[in-house]
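What follows is a short report on a single structure.
The values are calculated or read from the model by the stated rules, or taken from the named source; none is laboratory data. Because the structure is predicted, anything quoted here is derived from the model rather than measured. Note that each Cβ is placed from the backbone with ideal geometry, even for glycine, and that neighbours are counted across all protein chains shown.
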Amino acid sequence: MSQPILRKLRFILISFLAFILSYQPVSAQDGAGIFQSTCTSCHTIGKGKLVGPDLKDVTKRRKIEWILKWVKNSDALIKSGDADAIAVFKDNNNTVMPAQNLKDDEIKAIMTYIETESAKVAAAPATTPAAGNSTGSATEEEGGISTLWL
């Protein structure tokens, strides 16, 4: 092979290796930061509904493939006729979740963080409100079960 072709191949190989070595997957710790900066204005984990639903145990209610579609473009998922998406939409005052410009690995990192925090909430001892100081929802006080959709 000629010298210029070898230089080009060497350059391509080094560039490719540099790219591969510099790639770092998003971690659960990164998920915490992304959640704090992107999600907390509308969602909680185990503290009830804000603008959007409480995300405690969301990965037990939804498959990751569905969550990825929902986070990236809930409006499209609703318009596609997805029954779960329509239910979430209706349960949240017909409010569309704004499309999030996040990569799959970022959303998965957020979900890992939510799973970790959900387990902490589940492990926390339940407190009984003092008489007359109920903190439960009307549904809970009436003995019903409140369903969180997302």
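Quick check on residue 103: is it on the phi < 0 side of the Ramachandran plot and in contact with a Leu (Cβ under 9 Å, 6 or more places away or on another chain)?
When the stated conditions are applied, residue 103 does not pass them.
Restricting attention to the range 6-42, the residues being more than 21 Å from residue 104 (Cβ to Cβ), hydrophobic (A, V, I, L, M, F, W, C) and modelled with pLDDT of 80 or more number 1. Residues in the range 95-117: is at least one surrounded by 20 or more Cβ atoms within 10 Å (Cβ to Cβ) and of a type in the set (S, T, N, Q)? For the range 95-117, residues surrounded by 20 or more Cβ atoms within 10 Å (Cβ to Cβ) and of a type in the set (S, T, N, Q): absent.
Considering the range 75-94 alone, what residues qualify as being closer than 21 Å to residue 46 by Cα and either hydroxyl-bearing (Ser, Thr, Tyr) or in contact (Cβ under 8 Å) with a residue 60 or more places away in the chain (or both)? Selection gives 84, 87, 88.
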